[in-house]
Amino acid sequence: MKIQVKTMLILLTAFLTIILLFSGFVYLSVSNYSYEDFYKLLEIRAVTAAKVELDQDEGAAQAGIKDLRNEFFEKLPQEQDRFFRISPGESFAEEAKTIGIPVSFFNNVLSDGKAEFSKNGMFYKAIRYKSKQGEYVVVASAQNYFELHHSAYLRRTLVFAIIAAFLFSALIALYFAKFVFRPLRKITDSVKEISSENLHLRLDQTKSNDELAELTRTFNNMLDRIETSFETQNNFVSNASHELRTPLTAIIGEADVTLSKVRKTEEYIETITVILDEAEKLDRKTKALLFLAQTGFNGKSQKFDKVRIDQLLWDVKETIEKINPRSNIHIDMSLLPENPSKLKVKGNEQLLHLALSNIISNACKYSDYKVVHVSIGASDQNVFVIIKDQGIGIPDSELKYIYDPFFRASNTLKYEGYGIGLPLTRNIIRLHQGEIIVSSIMQQGTTVQINLPVGQYEL
Amino acid sequence: MEKTVLVPTDFSIASLNIVKSYLNEQDRNTRINIVLLHGMHQSDSITNLLFFSKSKVLESLTNPAFEEALRVLKNKYASQVRIMRKDIFTGFTQAAFNQFAEANRIDEVCLPILYNPQFKNRNSFDLLPFIKASKLNIITIGSAIEVPMPEKGNVAELFTNRVSMG
C-alpha cells in the first residue's frame with residue numbers, strides 16, 4: 001500500500017472517530033436531558049392535578065389553579081392523572097395490574113415519595129400527596145412527545161451531519177495526502193529522468209530547510225559524485241590512450257625506418273637511443289596514469305582528511321617546478337590568517353594537489369611562464385586560493401564552456417593540452433563542497449578563485 | 001597605542017583593499033579600530049523613520065563577497081585590529097559629520113589616490129566633501145595607475161595589490 005493511501009486512511013479514521021464520539025455524546029446527553037425534563041413536567045402535572053382534584057374545599061385559590069391549568073397547560077398526548085388513596089397494610093398490586101405497570105413502582109412511591117417508570121413511550125410519574133382527606137398516590141402519565149418527534153429528528157440530523165462531515169474529511173484527507181507527498185513525487189519524477197546520458201541534470205533545490213530540501217541536496221550531492229567519477233573514467237580512458245600512443249608511434253616509426261635497410265653501427269646506436277628515450281617517456285606516463293588511477297575515484301583510496309592548504313600550495317609549487325623548471329610561481333602569503341586552524345580543510349590531499357597543480361600549471365603554460373601569483377586567505381567559512389596570471393586570457397563568449405570536457409578555447413591552439421584539466425579540477429573542488437570562479441580579460445590575464453569550506457578543526 | 005581610522009566605503013571589495021594596504025603600513029603594536037563609513041540619505045517619511053534599522057540598511061547594502069572578504073581581512077589582522085565595523089552616516093551638514101567623527105573618536109581618514117566610488121543605492125552619497133572640510137588627518141595611499149583586473153567583484157579582488165576605489 002502506498003504511504004499516501006495509508007496517511008489518508010489514518011487521517012480519515014481519526015476524523016471519523018472524533019465525529020462519531022462527538023455526535024454520540026450529543027445524542028445521549030440531549031435525550032437524557034429531555035427524559036428528565038419530561039419527568040419534571042409530569043411531576044408538576046401530578047401536583048396540580050392533586051391540588052385541583054383532592055383539595056376540594058379551598059375556594060378561590062383552588063379555582064385559580066384550575067383556571068390556570070385549563071388555560072396554560074397544553075394537553076399532552078394520552079395524558080392521564082390517576083389518584084389512589086393510601087390505606088395502611090394494603091398493596092397496590094391490583095391497580096398496578098390494571099394500568100400495566102410493575103408493583104415495585106408503587107412500592108418506590110410509598111418508600112421514597114417519588115417514582116418514575118416508562119414503557120413503550122408512555123411515561124409514568126408518581127408522587128405521594130398529603131391532602132385533607134388523607135394521603136394519596138398521584139400517578140401522572142403521558143406519551144413523551146420528544147420521544148415521538150424530536151429524537152427521530154435529532155437522529156436524522158446527526159446521521160446527515162456525520163455523512164457530510166465524513167465526505168468533507170475524506171476530501172481534506174485526500175488533499176492533505178496529495179499536498180504532503182507532492183514534493184516527493186516530484187523528486188521521484190525528476191530522478192527518473194536522470195540517466196547516464198544526462199548526468200548533468202540536477203533536482204531543483206528549494207530555499208527552505210525542511211527534510212525534503214535536505215533529501216534533494218543529498219541527491220544532488222550524490223549526482224555530483226557520480227558525474228565526477230563518470231567523467232573521470234571517460235576522460236581517463238581517452239587521455240590515457242592518447243598519451244600512450246604518442247611515444248608508441250615514435251618507437252614504431254623509428255624502428256620501421258631503421259629496419260628498411262642495413263645501417264651502420266652508429267646509426268643503430270642512435271636509433272636505439274631514441275627508442276629508449278621514448279620507452280622511458282612511456283614508462284613515466286604509465287606511472288603517472290597509474291597514480292591518477294590510484295588517487296582517483298575508486299572509492300577505496302578516496303579518504304577525506306585534514307589538509308593544510310598553505311602546505312599543499314608549497315608542495316604543488318615544488319611539483320610543478322620539478323616538472324617544468326621554467327615555471328615562475330610566486331606564493332603570496334600576505335593575507336594568511338593569524339590562526340592556522342582556519343587553513344585546514346577537510347579533503348583528500350592527492351585530489352586537491354591534482355586540482356591545484358592543474359590550475360597553476362595552466363596559469364604557467366598559458367602565460368608563457370610569466371610570474372603567476374598564488375595568494376591564500378581565509379574567512380571564517382572558506383579558505384580562498386587565488387591564482388592570478390598575466391596570460392592570454394579566455395574569450396568572454398567561451399567562458400561558459402571551459403568546464404566541458406575536451407573543450408579548448410579558440411586562442412589556445414599553440415599550446416599543448418587536451419581540455420581535461422579544468423573539468424577534472426572543477427569536479428574535485430565540487431567533491432569538497434567548494435567553488436571555483438574563473439574570471440578573465442583577453443590578453444590581460446586570468447584569475448581563478450577557489451573557495452574551499454574550512455574544516456572547523458581545533459588547533 | 002590605539003587609534004581609530006575612518007575609511008569611506010561603497011561596499012565594494014576595492015574599498016577593503018584600501019583597508020588592507022593601510023593596515024600593512026601600520027605599526028604592529030598599534031591596536032586599530034576601523035570604521036567603514038557609507039554616506040546614505042535617509043528617507044524622511046514618518047513610517048521609514050519609525051521602522052529604521054541600521055542593521056537592515058547595512059544588510060541591504062553589503063553582499064556576500066564583501067562580507068567574506070571582510071572576514072579574510074579580520075583573520076589576517078586578528079591581533080592588530082580591535083574592531084572593524086560598518087556604519088552609515090545619514091547627516092546633511094558638516095557639523096553633523098564633525099560630530100560623528102568626534103563621537104566615534106576618529107583619529108584619521110584613509111583615502112585612495114584613485115577615488116571614484118560606485119554607489120548601487122541611489123540614496124548613497126559621497127563623503128569626500130565632508131572629509132575634506134573636516135579637520136581630520138587624511139592619509140592617502142595607493143597609486144594613480146590603473147591595473148586591469150578580471151576578478152572584479154569577487155573575493156579574489158582583495159588579493160590583488162591595486163589600491164583604488166571605483
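The values are calculated or read from the model by the stated rules, or taken from the named source; none is laboratory data. Worth saying up front: this structure is predicted, and the values here are computed from it rather than measured. Don't worry about glycine lacking a Cβ; one is built from the backbone with ideal geometry, like all the others, and counts go over all protein chains shown. Just the protein is used for accessible areas: all its heavy atoms, side chains included, with ligands, DNA and RNA removed. Shrake-Rupley method; radii C 1.70, N 1.55, O 1.52, S 1.80 Å.
Miscellaneous remarks
- For segment A:21-96 and segment B:1-48, distance of Cα centres in Å: 96
- The listed residues A:8, B:1, A:442 rank as B:1, A:442, A:8 when sorted by accessible area, largest first, using a 1.4 Å probe.
- Relative to the dominant Cα principal axis of chain A, helix A:349-366 is inclined by about 50°.
- In segment A:1-136, lysine pairs with alpha-carbon atoms under 15 angstrom apart (chain gap of 8 or more, or interchain): 9
- Scanning residues 5 or more positions from residue B:125 or on other chains, those with amide H under 5 Å from its amide H are B:39, B:40, B:41, with H placed 1.01 Å from N in the peptide plane.
- Considering only the protein assembly as shown, percent of DSSP beta bridges that pair antiparallel, nearest 5: 65
- Neighbouring Cβ atoms from other chains, within 10 Å of the Cβ of residues in B:102-111, number 0 on average.
- Taking amide H atoms as placed 1.01 Å from N in the peptide plane, the amide H of residue B:141 lies under 5 Å from those of B:111, B:113, each 5 or more residues away in sequence or on another chain.
- Net length gained if the chain between residue A:444 and residue A:269 were fully extended (0.36 nm per residue, minus Cα distance): 58.2 nm
- Two-decimal Rg/Rh across the protein assembly as shown, once Rg and the Kirkwood Rh are taken from alpha-carbon atoms: 1.38
- Those aspartates and glutamates that a straight Cα-Cα span of less than 14 Å connects to residue A:342, excepting residues fewer than 8 apart in one chain: A:310, A:380, A:458, B:68
- In the context of the full protein assembly, residue B:27 retains an accessible surface of approximately 90 Å², using a probe radius of 1.4 Å and ignoring ligands and nucleic acids.
- Euclidean distance between Cα centres, segment B:88-107 to segment A:124-158, Å: 93
- Residues of segment A:108-130 with amide N under 19 Å of a point placed 7 Å along Cα→Cβ from residue A:156: none
- Set A:207/B:152; B:20/B:86; A:322/B:76 screened for pairs whose C-alpha atoms are more than 24 Å apart: A:207/B:152; A:322/B:76
- Sequence-distant aspartates and glutamates (8 or more away, or on other chains) whose Cα lies within less than 18 Å of residue A:264: A:254, A:256
- Looking at segment A:314-381, the accessible area is 42 square angstrom per residue; that uses a 1.4 Å probe and ignores ligands, DNA and RNA.
- Residue-averaged beta-carbon neighbours from other chains (10 angstrom radius) around A:430-442: 2
- Taking amide H as placed 1.01 Å from N in the peptide plane, the amide H of residue A:332 sits under 5 Å from that of A:374, A:375, A:376, each at least 5 places away or on another chain.
- Low-density loop positions, GluC sites (Glu not before Pro), segment A:1-104 - DSSP coil, at most 11 other Cβ in 10 Å: A:74, A:90
- Here the gap between residue A:212 and residue A:93, fully extended at 0.36 nm per residue and compared with their Cα-Cα distance, gives a gain of 34.9 nm.
- Calculated FRET value between residue B:132 and residue A:341, using beta carbons and R₀ = 45 Å, to 0.05: 0.55
- Modelled this way, with points 7 Å down the Cα-to-C-beta line, the labels at residue B:44 and residue A:178 are 5.6 nm from one another.
- Put simply, chains A and B cover up around 1900 Å² of each other's accessible surface, both sides summed, when a 1.4 Å probe is used.
- Helix A:3-54 vs. chain A, principal-axis angle (Cα, 0 to 90°, nearest 10): 10
- Carbon/sulfur fraction of accessible area - the protein assembly as shown, other protein chains in place, 1.4 Å, %: 57
- Kyte-Doolittle at least 0.5, axis length at least 20 Å by Cα - qualifying DSSP helices, chain B: none
- Counting Cβ atoms of other protein chains within 10 Å of each Cβ in A:77-88 and taking the mean gives 0.
- Computed about its Cα centre, the charge dipole of segment B:17-132 is approximately 320 debye, with only Lys, Arg, Asp and Glu carrying charge at their Cβ.
- Label-point separation in nm, residue A:73 to residue A:304, each point 7 Å along Cα→Cβ: 9.1
- Stokes-Einstein translational diffusion, segment B:23-78 - Kirkwood Rh over all Cα pairs, 1.567 mPa s, 4 °C, in µm²/s: 92
- Per residue, chain B exposes 48 Å² of solvent-accessible protein surface, assessed with a 1.4 angstrom probe and all protein chains in place.
- Here the spin labels are modelled as points 7 Å beyond Cα on the Cα-Cβ line, and at residue A:246 and residue A:286 they lie 1.8 nm apart.
- Cα-only Debye scattering, segment A:99-240: base-10 log of I(q)/I(0) at q = 0.12, 0.14, 0.15 Å⁻¹: -0.77, -0.88, -0.92
- Range in chain A, longest, excluding exposed trypsin sites (Lys or Arg not before Pro) [loop by DSSP; at most 16 other beta-carbon atoms within 10 Å]: A:3-74
- Cα centroid separation, segment A:206-281 to segment A:183-198 (Å): 33
- Solvent-accessible surface (1.4 angstrom probe) belonging to residue A:272, in square angstrom, nearest 10: 110
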